[in-house]
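Structure record follows, encoded as structure tokens.
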2 protein chains.
Amino acid sequence: MKAIALKGRNICVEERPDPVPTKNEALIRVTKAGICNTDLELVKGYMNFEGILGHEFVGRVVEACEKEWIGRRVVGEINIPCGQCEICFGGDPKHCPSRMVLGIQQKDGVFAEFVTLPLENLHALPSNVSEIEAVFVEPLAAAIAIIDQIYPDQNNDALILGDGKLGLLAAQVLQTRTPNIFCVGRHPRKLALIEKRGIQTALDAGKWDRKFDFIVDATGNPQGIAEALCFIKPKGKIVIKSTFEGLAKIDISALVVSEIQLLGSRCGSFAKALEFLKKETLELESMVDVDFPLGKALEAFERAKDPEVIKVLLTP
Amino acid sequence: MKAIALKGRNICVEERPDPVPTKNEALIRVTKAGICNTDLELVKGYMNFEGILGHEFVGRVVEACEKEWIGRRVVGEINIPCGQCEICFGGDPKHCPSRMVLGIQQKDGVFAEFVTLPLENLHALPSNVSEIEAVFVEPLAAAIAIIDQIYPDQNNDALILGDGKLGLLAAQVLQTRTPNIFCVGRHPRKLALIEKRGIQTALDAGKWDRKFDFIVDATGNPQGIAEALCFIKPKGKIVIKSTFEGLAKIDISALVVSEIQLLGSRCGSFAKALEFLKKETLELESMVDVDFPLGKALEAFERAKDPEVIKVLLTP
């Protein structure tokens, strides 16, 4: 099969043998995949990953020991826990210390014609979910996880820092809980996408001359938290979605004196994301700039690096 | 009256006029006061404070328009909010942006023969609370506030980083909720104080080869959080009590991937601390190394700076 592998810091289009599913796994034909910011970070050296890239995807099961899965259109959770340790038994397998992570840690990803995943990772898709919406299920789940960390209500206001994919998703998701959503970014074209939904946007948070109950740092850079600390109310919560190489410098005394909470936030529930898509209509298809065939992955990655681009898809 | 004032970075023993209470204030004769780590930080330049130092105290009311207060033995909350702003009306006056803070911000403190405080800041002391216990009410309230941030139960374990006053108080307070308390410090003599209560102690957290549900950073230095991140379980909570000049360097990606929470924590409820003292017996009197007369404040501050010393008191 054709596959896009990371070797050192080089992205290679390769021919590889089709993967062989183990007893509990399905073999899935990937029908569409998305390039995520994490993929760009992996290429820079984050996690020291080597192997087939990619973790956002939709596909169709072609082989599985539980025959009812065969032919189903699916999305798949990206964490593959050991299932044997204290943390797995404790009910939080996505934090299993020996976990593999699809296309991120010790497990070949989805930028390929086929991928294998444990059956328990799969979610069958209802027919109302389009191929493009399906590719957004993983980041949408990550955005919905914010709600379960801060419990916003309609009296709260929330500021999203960053107009990348996750920032735009977080703004739209939080808007279902409170009308008072503000988003700061660097790209008027991206901000326009959510501005038309009634979300207030700016290139500088100072424009509003106010502070916020909740701030989501989706900047992807070390300056995001320092900026968040300038605009958070006392006892406010800052949800951090940014991952990057290196350390951030933080004014801890400000955090203590104003009793601010910094909440690390990673993955979310696919089941909740699919429920969400039943009820809500989001700007998802309009976030896609371009859809490349898998063989043009090098070109696709170049486009994905362009700060003006929101989402690049790959179709095997 | 005699008073200990901070001028620039110099501590001065001075004669000052007795303070005059406003209509809503009491005039209090200070009977005992404690030197806190924050006082040492103020002398180094924290908050750019100038004026009479000190915020931990017990005293007796000598003048007040509500006559029932006169003669009462009292402790006093340290935040003096404006009472007029959105945050005060919102029910969280200790975060009032125009607040004064006793001996810390725009309000003369308690290292003096007399101090004034609003009547609503005062708590009358039951006779069972000793003078020394009373001086500990403010830091004890700050330690009890941790419980309301992390809700520990007996299945949780908690690590306290730091064997200063606040670390020793936090360890004892958390021990009332779970038997699994561990404390790391640099001073065997200080650790021995809580070790005799069944709290496990070490000079290096690596000794236990385990991770913890909750960690309290009471180190007072920028390295505390980095150490906490090494020993926290996924989804664990780190309560930060350390304030210091300058910035701390933090591995934000570790925070995000393991979904750690960093919770800034400042003051607590005096009422809860007084309730707590009714039920629990803590090592408080044994934390006091020495009690100086007010006139020997310079010597007292020198002793308080000694890393081997736990608590220094001042008696006007």
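Magnitude of the Cβ-charge dipole of chain B, K/R +1 and D/E -1, about the Cα centre, nearest 20 debye?
Here chain B has a charge dipole of around 260 debye.
Please list, in order along region B:98-110, the HN-Hα scalar couplings obtained from phi with the Karplus expression 6.51 cos²θ - 1.76 cosθ + 1.60 (θ = phi - 60°), rounded to whole Hz, x for Gly and Pro.
So the J values, rounded to whole Hz, are 9, 5, 9, 10, 3, x, 10, 8, 6, 8, 4, x, 9.
Cβ under 10 Å from A:Ile132's Cβ, A:Ile132 left aside: what net charge do those residues give with Lys, Arg +1 and Asp, Glu -1?
Residues close to A:Ile132 contribute a combined charge of -2.
Report the local net charge at B:Lys249: Lys and Arg +1, Asp and Glu -1, summed over other residues whose C-beta lies under 13 Å from its C-beta.
Neighbourhood net charge equals -2.
When you look at the Cβ of every residue in A:93-102, what mean number of other chain Cβ atoms sits within 10 Å?
For peptide A:93-102, the averaged partner shielding equals 2.
I'd like the FRET efficiency for B:Arg210 and B:Asp148, computed as 1/(1 + (r/R0)^6) with the beta carbon distance as r and R0 of 22 Å, rounded to 0.05.
Result of the calculation: an efficiency of 0.30.
Among the trypsin sites (Lys or Arg not before Pro) in region A:1-52, which ones are in a DSSP loop with at most 12 other Cβ atoms within 10 Å of the Cβ? Mind listing them?
A:Arg9, A:Lys23
Could you work out, residue by residue across B:122-129, how many beta carbons of other chains sit within 10 Å of that residue's beta carbon, and then give the average as an integer?
0
Could you give the nm distance between label points at B:Cys230 and B:Ala202, where each point is 7 Å from its Cα heading toward the beta carbon?
Reported label-point gap for B:Cys230 and B:Ala202 is 1.0 nm.
Given label points at 7 Å from Cα along Cα→Cβ, what nm distances, shortest first, separate B:Ile70 from the same residue in every other copy?
For B:Ile70, the inter-copy label distances come out at 9.6 nm.
Run the simple label-point estimate for A:Glu86 and B:Gln223 please: 7 Å along Cα→C-beta, distance reported in nm.
The answer from the label model is 2.6 nm.
Only Lys, Arg, Asp and Glu count, each charged at its Cβ (+1, +1, -1, -1), so figure out the dipole size of the protein assembly as shown about its Cα centre, rounded to 20 debye.
60
Which residues in region B:48-81 have a backbone N closer than 16 Å to a point placed 7 Å from the Cα of B:Ala124 along the Cα-to-Cβ line?
Hits in region B:48-81 for B:Ala124 at 16 Å: B:59-76.
Separation between the B:Cys65 and B:Gln106 pseudo-spin-labels, each 7 Å from Cα along Cα→Cβ, expressed in nm?
Each label point is offset 7 Å from its Cα along the Cβ direction, giving 2.1 nm.
Let me know the volume per residue of the alpha-carbon convex hull for region B:47-142, in Å³.
Convex hull volume per residue, Cα atoms: 115 Å³.
Considering the Cα positions of the protein assembly as shown, please state its Rg to one decimal place and its Dmax as a whole number of Å.
That works out to 28.4, 90 Å for Rg and Dmax.
Excluding A:Arg303 itself, what net charge comes from residues whose Cβ is under 12 Å from its Cβ, given Lys and Arg +1 and Asp and Glu -1?
-3
Tell me the distances, shortest first, between B:Glu120 and the same position across the other copies, using label points 7 Å along Cα→Cβ, in nm to one decimal.
When each copy's label point is compared with this one, the spacings are 5.5 nm.
With respect to the cross-link table entries B:Lys94/B:Lys311; B:Lys190/B:Lys211; A:Lys107/A:Lys190; A:Lys241/B:Lys233; A:Lys235/A:Lys278, which display a Cα-Cα separation exceeding 29 Å?
A:Lys107/A:Lys190; A:Lys235/A:Lys278
Can you list the trypsin sites (Lys or Arg not before Pro) in region A:132-202 that are in a DSSP coil and have 16 or fewer other beta carbons within 10 angstrom?
A:Arg186, A:Lys196, A:Arg197
By its C-alpha gyration tensor, with a ≥ b ≥ c as the square roots of the eigenvalues, how is region B:128-248 shaped: rounded for a/c under 1.5, else prolate for a/b larger than b/c, else oblate?
Verdict is rounded for region B:128-248.
What gaps in nm, shortest first, separate B:Lys305 from its twins in the other copies when you place the label 7 Å past Cα toward the beta carbon?
So the label point of B:Lys305 gives 5.4 nm to the other copies.
Distance in whole Å from the B-onto-A rotation axis to the closest C-beta of chain B, together with the residue it belongs to, please.
Per the B/A rotation axis, the closest residue of B reads B:Leu262, 2.
Tell me what chain A gives for mean residue ellipticity at 222 nm when only DSSP H runs of n ≥ 4 count, each as -39,500 (n - 2.57), the sum divided by the residue total, rounded to 500 deg cm²/dmol.
Mean residue ellipticity, 222 nm, calculated: -7500 deg cm²/dmol.
How much of the DSSP beta bridge set in the protein assembly as shown is antiparallel, as a percent to the nearest 5?
Bridges in the protein assembly as shown are about 55 percent antiparallel.
Provide the percentage of antiparallel DSSP beta bridges, counting only those with both residues in region A:1-159; round to the nearest 5.
Expressed as a percentage, antiparallel bridges in region A:1-159 total about 95.
Quick check: from the Cα gyration tensor, does region A:35-90 come out rounded (a/c under 1.5), prolate or oblate?
Oblate shape, in that a/c is at least 1.5 and b/c is the bigger or equal ratio.
A short reminder: the numbers here are calculations on the coordinates, not readings from a lab. Bear in mind that the values here come from a model prediction, so they are computed numbers and not experimental data. Note: ideal-geometry Cβ built from the backbone for every residue, glycine included; neighbour counts use all protein chains shown.
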